[in-house]
Amino acid sequence: MPAIPVATFVFLLTGFLALRKTVHYFILTLLLFTIIFLTIGVMGYNGYVMEIATIFLGLRIASGLATGKSGNEITKLFIEGAKDILSAAMVVGLAGGTIVILNDGHSR
């Protein structure tokens, strides 16, 4: 059974019903289905970091549009959020680089 088309149909149905109630329910529905699509992508289609990042970027843009923010506001909020996690991302990136250097040095 194709999981993505079924999940998409269920998202469209529940998203429409959530939007009729409030925007907050719609954003919670977006979050729920982001996790569902993330699980389907990673387990069923071998998605990894780039696919996961794309899904969360889509969530961020969709939730910004749902709350009535303009593209400039969404971008400004994205940059502010990125500033908060930049130090942690640098630590992870440097650790990954260290692992690559150690593995390459060991193989020669």
Kirkwood Rh over alpha-carbon pairs of segment 47-108 plugged into Stokes-Einstein at 4 °C, 1.567 mPa s gives a D in µm²/s of 92 µm²/s
Could you give the dipole magnitude of the chain about its Cα centre, charging the beta-carbon of Lys and Arg +1 and that of Asp and Glu -1, in debye to the nearest 20?
-> 260 debye
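What's the carbon and sulfur percent of segment 46-105's accessible surface, probe 1.4 angstrom, rounded to a whole number? Could the numbers behind the result be given before it?
On the way: 3290 of 4660 Å².
That share works out to 71 percent.
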Placed amide H near GLY47: partners under 5 Å, 5+ positions off or other chain = VAL42
Using 0.36 nm per residue of separation minus the Cα-Cα distance, give me the extension gain between TYR25 and LYS76 in nm, one decimal.
-> 16.0 nm
For the chain, using Cα atoms only, the Rg and Dmax in Å read 18.1, 62
Checking rank on 4-15, 80-91, with mean other Cβ inside 10 Å and highest first, the result is 4-15, 80-91
Of LEU13, THR75, ILE40, which is farthest along the charge dipole of the chain in the positive direction, counting Lys and Arg as +1 and Asp and Glu as -1 at C-beta?
-> LEU13
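With each run of n ≥ 4 DSSP H residues scored as -39500 (n - 2.57), what mean residue ellipticity at 222 nm is computed for the chain after dividing by its residue count and rounding to the nearest 500 deg cm²/dmol?
On the way: 4 runs with 97 residues, N = 108.
After summing the helix terms and dividing by the residues of the chain, the value is -31500 deg cm²/dmol.
Accessible area per residue, 1.4 Å probe, Å², for segment 19-72: what's the number? Intermediate results must be reported in sequence, preceding the final value.
Working: 3890 Å² over 54 residues.
Normalised by residue count, the accessible surface of segment 19-72 is 72 Å².
The values are calculated or read from the model by the stated rules, or taken from the named source; none is laboratory data. These figures come from a predicted structure and were not determined experimentally. Methodologically, a virtual Cβ is constructed for each residue, glycine included, from the backbone with ideal geometry; neighbour enumeration extends over all protein chains shown. Quick note on the areas: whole protein, heavy atoms, side chains included, nothing else; ligands and nucleic acids left out. Shrake-Rupley method; radii C 1.70, N 1.55, O 1.52, S 1.80 Å.
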